[in-house]
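Read the structure below first, then the notes.
The values are calculated or read from the model by the stated rules, or taken from the named source; none is laboratory data. Keep in mind that this is a model prediction, so the values were computed, not measured. As a convention, Cβ positions derive from the backbone with ideal geometry for all residues, glycine included, and neighbour counts pool all protein chains shown.
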Amino acid sequence: MAYHSTEFDTGLGRFAHQVFGAVRGFLSSIMKAMIVSSSYTGRVQRVQALQAKSDEELAAMNIKRDDIVHIVFHDLYYV
């Protein structure tokens, strides 16, 4: 017994799949950027809070003023 199909591949299915994949990738990159941005915002606020402290308060925390940025961002880079 033989089967015969009369469906035609117009390419619209593949095109829609590619378009939705591109949109999904674009939205994914925006979400990643927002997550990174919120992470940096919190770190910048921590740097500002530490910089607002007096030298005596920093000394009690065993932090030198010059090391504040390094301490807050220590997991992102190595110096």
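Among the residues of segment 34-59 satisfying the criterion of being charged (D, E, K, R) and over 18 Å from Tyr77 (Cα atoms), which is surrounded by the most Cβ atoms within 10 Å (Cβ to Cβ)?
Lys53
In segment 1-50, which residues are in contact with a Leu (Cβ under 9 Å, 6 or more places away or on another chain) and modelled with pLDDT of 90 or more?
Leu50
When segment 60-79 is examined, which residues are found to be exposed (fewer than 11 other Cβ atoms within 10 Å of the Cβ), among the hydrophobic types (A, V, I, L, M, F, W, C) and either closer than 22 Å to Thr41 by Cα or under 20 Å from the mean Cα position of the chain (by Cα) (or both)?
Leu76, Val79
Consider Ile30 carefully, then state whether it is loosely packed, with under 11 Cβ neighbours inside 10 Å and either hydroxyl-bearing (Ser, Thr, Tyr) or free of Cβ contacts under 8 Å to residues at least 24 places away in the same chain (or both).
So Ile30 fits the description; yes.
Anything in segment 28-79 that is among the β-branched types (Val, Ile, Thr), in a helix (DSSP H, G or I) and in contact with a helix residue (DSSP H, G or I) (Cβ under 9 Å, 6 or more places away or on another chain)? List them, or say none.
Listed by number, the residues that qualify are Val44, Val47, Ile68, Val69, Ile71, Val72.
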